[in-house]
Amino acid sequence: MSVLEIRDLHVSVGEGDDAKEILRGVDLTVRSGETHAIMGPNGSGKSTLAYSIAGHPKYTITGGTVTLDGEDVLAMSVDERARAGLFLAMQYPVEVPGVSVSNFLRTAATAIKGEAPKLRTWVKDVKSEMELLEMDPAFAERNVNEGFSGGEKKRHEILQMRLLKPGIAILDETDSGLDVDALRIVSEGVNRSREEGEIGVLLITHYTRILRYIKPDFVHVFVNGKVVEEGGPELAEKLENEGYAAYVKGSQEVASA
Amino acid sequence: MSASDNPTTTGLTTESAVLAGELFGDGVGTQAGPPATPAEGTGVAPGAHSHGGPAPTGSPAERFTSTDPDAFGVPTGREETWRFTPMKRIKPLLDGAESDAHLTWTTDLPEGVELTSVEAGDPLLKGLPEPVDRLAALARQRSGGAAVVRVAKEAQLDRPVTLGLAGTGSDEVVWGQLVVEVGAFAKATVVLDHTGLARYAGGVTVLVGDGAQVSLVSVQDWAPGAVHGGQYDAVVGRDATFKQVVVTLGGDLVRLVSNVQYAGPGGSAELFGVYFSDETQHQEHRLWVDHAVPNCTSNVLYKGALQGEGARTVWIGDVRIRPAATGTETYELNRNLVLTDGARADSVPNLEIETGEIVGAGHASATGRFDDEQLFYLCSRGIDAETARRLVVRGFFTDVVQHIGIDALQDRLMATIDDRLGALPALDDQPVEVA
Ligand SMILES: Nc1ncnc2c1ncn2[C@@H]1O[C@H](COP(=O)(O)OP(=O)(O)O)[C@@H](O)[C@H]1O
Ligand SMILES: [Mg+2]
C-alpha cells in the first residue's frame with residue numbers, strides 16, 4: 001500500500017532573473033489501486049510535475065511537499081526515489097549509447113531489488129513481458145532508446161514499469177505518438193499492473209483517447225501550473241466534447257482525438 | 001559524370017562548408033572549424049602501381065604531399081598541421097636519426113595471407129599515396145622498404161590477421177612502413193596491436209581491391225612514455241568497403257594521420273576511433289577523407305574521454321567533396337567527454353563541398369561533461385549516480401569499440417578502459433544535483 005501526497009507544490013525553471021514559476025501550488029493524492037488522469041493543454045506544466053516528483057535537476061522546488069508513505073521525497077536523490085517505489089515513464093525517453101537494453105534492465109532491477117535477480121527467472125520474466133508488449137527479442141541487445149521509433153520507446157518504458165514493479169507509476173504522455181495498435185498494447189501493459197492490484201497510476205495525457213483503454217478513477221484538469229477541476233471519468237467525457245477552452249481563455253486546444 | 005572524367009580544380013566553395021556546419025552542427029559545444037587552406041598546388045596525385053590494385057584517381061591533390069622530408073621543411077610548431085602537437089615531445093621522431101631498431105613482431109596469419117617485404121624503390125612503394133608531413137616522409141624514407149601483407153583476391157579469411165608490434169624499450173627511433181594489399185572481392189580484417197615502450201614512426205597503407213571488404217584495427221596500447229607518429233592511408237577500390245577502427249589508450253604522445261581516397265565509384269569508408277587520455281597524455285587524430293569520384297560514402301565517428309591534469313586530445317576531421325564526387329554521402333561526428341578539470345579536447349570538423357549533387361553531408365562535434373539527461377534517466381530507474389556514470393562512460397566507449405567485431409579484443413580493450421575508470425577519483429566529486 002503506497003500513498004503519494006503532493007501538497008501546494010511550487011516549481012520553477014531557470015536561474016536568477018530568468019527563473020520562471022511553472023507549478024503554482026499543486027495538490028494531489030495518489031494511492032495504490034487508484035488511477036488518476038491528469039489532463040491539460042500543452043505547456044500547462046504536466047511534464048514539470050512528473051519530472052519534479054522524479055527529481056530532475058533542471059527543476060527547482062520553491063515550495064510545498066511531496067511524500068511517499070510519509071517519507072520526504074524531495075529530500076531523496078533521484079535513485080533513492082526510484083528505490084522507494086516511484087517510477088516515471090518519460091514523454092521523451094533518453095538515448096544511452098553503448099548501454100544495451102538487457103544490461104540496463106538488469107542493472108536497474110538489481111538496484112531496485114537490492115540484489116541481482118536470479119538469472120533464470122529474470123531472463124524468463126523479461127522474455128515474457130517483451131512478448132506481451134509485442135517487442136522483438138533482438139530488442140534486448142540494442143542500445144537503450146538508440147534508434148528506437150516513438151512506439152518502441154514507449155513500449156520500452158512500459159517494459160521497465162512491468163519489470164521494476166513500482167508502487168506509484170507516473171506515465172507522462174505515454175500515449176502520444178502511438179498508433180492504435182501500439183496504444184492498445186501499451187495500455188494492456190499498464191492494465192496488467194493495475195490488475196495485480198498494488199500500483200497507483202498517475203496518467204498524464206493531453207488527449208482522452210487513452211482513457212478508453214485505461215479507465216481512470218479520478219480526472220484532474222491541469223491548466224497553467226495547477227489543478228483547476230477534479231472529478232470522475234465523466235469529466236474526461238466533458239473534455240472530449242468541449243476541449244480545454246472553458247479553462248483556458250482564448251485557447252483553441254481540443255482534448256479529443 | 002563518369003568516374004574517368006578528369007575534374008578540374010575550382011575555387012573551393014567554402015560558404016557551403018560553413019553552411020553545412022550550421023545546418024548539421026549538433027548541440028552544446030558544437031564547433032565548426034575554419035575551412036582548411038590548401039597548400040599551393042605542388043601536390044601530386046597518387047600514382048599507379050603495378051600490382052593490379054586500384055587505379056589512380058587522377059584528381060588534383062591540393063594538399064601538399066612529398067616523399068622528400070626536406071620538401072616540408074623543419075616544422076616549428078606554428079604550422080597548421082603541427083600547431084596542436086607538443087614539439088618537444090615529438091622531437092625525437094622529427095630529428096629523423098637513422099636507425100635499424102625494430103619492434104618485436106608477433107604474427108598470426110590465416111590461410112590466404114602472405115607476409116613479405118619489398119626493398120626501397122619497389123614499384124609498389126612508388127604507387128602509394130604520398131606522405132603529407134615531414135614525419136610521414138621521414139618514416140617512408142628511413143624505413144627503406146616495407147613489410148607487405150597480401151591477401152589473395154577473393155580470399156575469405158577464417159580469422160583476423162594479427163600483427164602484434166611490441167616496443168623493446170630502446171631510445172632509438174623505429175621507422176616502419178607497412179602495406180596491406182587486399183585483392184579484389186577478398187574479405188579481411190587486419191589488427192595492428194601496438195604495445196610496449198618505443199619511439200615509433202610508422203606508415204600504414206591499405207590498398208583495398210575492387211569489391212573487397214577490409215577492416216583495419218589499430219590499437220595503441222603503448223606503455224607509458226611511448227611516442228608514436230604515423231600516417232595511415234586507405235585507397236578504396238570500386239564498390240569496396242573499408243573500415244578502420246583506431247583505439248588509442250597508451251603512450252605519452254600518439255599522433256596519427258588517417259587519409260582515405262577512393263579509386264573508383266561505389267566505395268564506402270567507415271572511420272571509427274576511440275581514445276582515452278589520462279594525465280599529460282597527448283593523443284592527436286587527424287583525418288582526411290577525399291571524395292573525388294562519384295557515389296562513395298564515408299562515415300566518421302570518433303569518441304574520446306579525458307581525465308587528469310594535462311590530458312590533451314586533438315581531433316581534426318577534414319572531408320572534401322570534389323566537383324566530380326556526385327552522389328556522395330558523408331557524415332562525421334566527434335564527441336569528447338571531459339571527466340575532470342585540467343583536461344583539454346580540441347575538435348575541428350571541416351567539410352568542403354564543391355558539388356551540389358550529393359546525397360548528404362554533415363558533421364557535428366561536441367565536447368562536454370556528462371550528459372545530465374542520460375544520468376537522470378539511469379538514476380530514475382534506481383541506479384546510483386556512481387554506477388550510472390560508469391555505465392555512461394563505458395557505453396560511450398562501447399559504442400565505438402563494438403565496431404571492431406572481434407570479441408576477445410573488444411573484451412580486452414573494455415577491461416583496460418574499466419581499469420582506467422577505476423582510477424577516477426573525481427567521479428565521487430561530481431554528484432548529480434537534485435533540485
Ligand atoms: N528548461 C526550461 N526552461 C524554460 N522553460 C521551460 C523549461 N522546461 C519547461 N519550460 C516551460 O514550462 C512550461 C511547462 O512545460 P511542460 O511541463 O513541459 O508542459 P506540458 O508537459 O504540460 O506540455 C512551458 O511553458 C515550457 O515552455
Ligand atoms: Mg509534457
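The values are calculated or read from the model by the stated rules, or taken from the named source; none is laboratory data. Here the structure is a predicted model, which is why all the values come from computation and not from measurement. So basically every Cβ, Gly included, is an ideal-geometry build from the backbone, and we count neighbours across all protein chains shown. Surface areas here come from the heavy atoms of the whole protein model, side chains and all, with no ligands, DNA or RNA. Shrake-Rupley method; radii C 1.70, N 1.55, O 1.52, S 1.80 Å.
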Name the residues in the range B:364-389 that are under 24 Å from the mean Cα position of the chain (by Cα) and open to solvent by less than 10 Å² (accessible area, probe 1.4 Å), would you?
B:364, B:365
Name, by its number, the condition in (1) within 16 Å of ligand 1 (Cβ to nearest atom); (2) crowded, with 21+ Cβ neighbours inside 10 Å; (3) over 11 Å from residue A:36 (Cβ atoms) that does not hold for residue A:228.
(2)
Residues within the range A:154-207 that are of a type in the set (Gly, Ala, Ser), within 14 Å of the chain's Cα centre (by Cα) and open to solvent by less than 20 Å² (accessible area, probe 1.4 Å), tallied:
6
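Report, by residue number, each residue of the range A:26-46 that is surrounded by fewer than 16 Cβ atoms within 10 Å (Cβ to Cβ) and away from ligand 2 (no atom under 16 Å from the Cβ).
Correct list: A:27, A:29, A:31, A:33.
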Select, from B:239, B:290, the only residue that is within 20 Å of residue B:361 (Cα to Cα), of a type in the set (D, E, K, R) and either outside any strand (DSSP E or B) or in contact with a Leu (Cβ under 6 Å, 6 or more places away or on another chain) (or both).
B:239
Per the filter on the range B:205-221, residues open to solvent by 10 Å² or more (accessible area, probe 1.4 Å) and either touching a Phe, Trp or Tyr at 6+ places or on another chain (Cβ under 6 Å) or not in a strand (DSSP E or B) (or both) are B:210, B:211, B:221
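Pick out the one residue from A:164, A:183 that is within 14 Å of another protein chain (Cβ to nearest Cβ), more than 16 Å from ligand 2 (Cβ to nearest atom), touching a Phe, Trp or Tyr at 6+ places or on another chain (Cβ under 7 Å) and at pLDDT 95 or above.
A:164
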Based on this model, can you work out whether residue A:177 counts as farther than 23 Å from residue A:140 by Cβ and modelled with pLDDT under 95?
no
Take the range A:52-73 and flag every residue that is within 16 Å of ligand 2 (Cβ to nearest atom) and free of Cβ contacts under 8 Å to residues at least 60 places away in the same chain.
A:52, A:56, A:58, A:59
Inspect all residues belonging to the range A:5-22 and state whether any of them is more than 16 Å from ligand 1 (Cβ to nearest atom), buried (at least 16 other Cβ atoms within 10 Å of the Cβ) and of a type outside the set (S, T, N, Q).
yes
Would you list the helices (runs of 4 or more DSSP H) that sit entirely within the range B:330-435 and hold 2 or more residues that are modelled with pLDDT of 95 or more, closer than 15 Å to residue A:96 by Cβ and within 14 Å of chain A (Cβ to nearest Cβ)?
B:372-379
Just to confirm my filter: which strands (runs of 3 or more DSSP E) fall fully inside the range A:47-153 and include at least 2 residues that are within 13 Å of chain B (Cβ to nearest Cβ), open to solvent by 20 Å² or more (accessible area, probe 1.4 Å) and at pLDDT 95 or above?
A:59-68
Conditions (1) more than 16 Å from ligand 1 (Cβ to nearest atom); (2) within 14 Å of chain B (Cβ to nearest Cβ); (3) not in a loop (DSSP other than H, G, I, E, B); number of the one not met by residue A:170
(1)
Just to be sure, is residue A:127 free of Cβ contacts under 8 Å to residues at least 60 places away in the same chain, away from ligand 1 (no atom under 16 Å from the Cβ) and of a type in the set (Lys, Arg)?
yes
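Going by the conditions given, is residue A:76 within 16 Å of ligand 2 (Cβ to nearest atom) and either touching a residue at least 60 places away in the same chain (Cβ under 8 Å) or not hydroxyl-bearing (Ser, Thr, Tyr) (or both)?
No.
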For residues that are part of a strand (DSSP E or B) and crowded, with 24+ Cβ neighbours inside 10 Å, tally how many sit in the range B:293-313.
7
Which ones in the range B:112-135 are of a type outside the set (Asp, Glu) and within 20 Å of residue B:186 (Cβ to Cβ)?
B:112, B:113, B:115, B:116, B:118, B:124, B:127, B:128
Which pairs turn up if I take residues in the range B:169-197 that are assigned to a strand (DSSP E or B) and look for partners that are hydrophobic (A, V, I, L, M, F, W, C) and open to solvent by 40 Å² or more (accessible area, probe 1.4 Å) with beta carbon separation below 8 Å, at least 6 apart in sequence or on another chain?
B:169/B:197; B:172/B:97; B:173/B:97
Members of the range A:33-66 found to be in contact with an Asp or Glu (Cβ under 8 Å, 6 or more places away or on another chain), within 28 Å of residue A:210 (Cα to Cα) and more than 10 Å from ligand 1 (Cβ to nearest atom), listed by number:
A:33, A:34, A:35, A:36, A:66
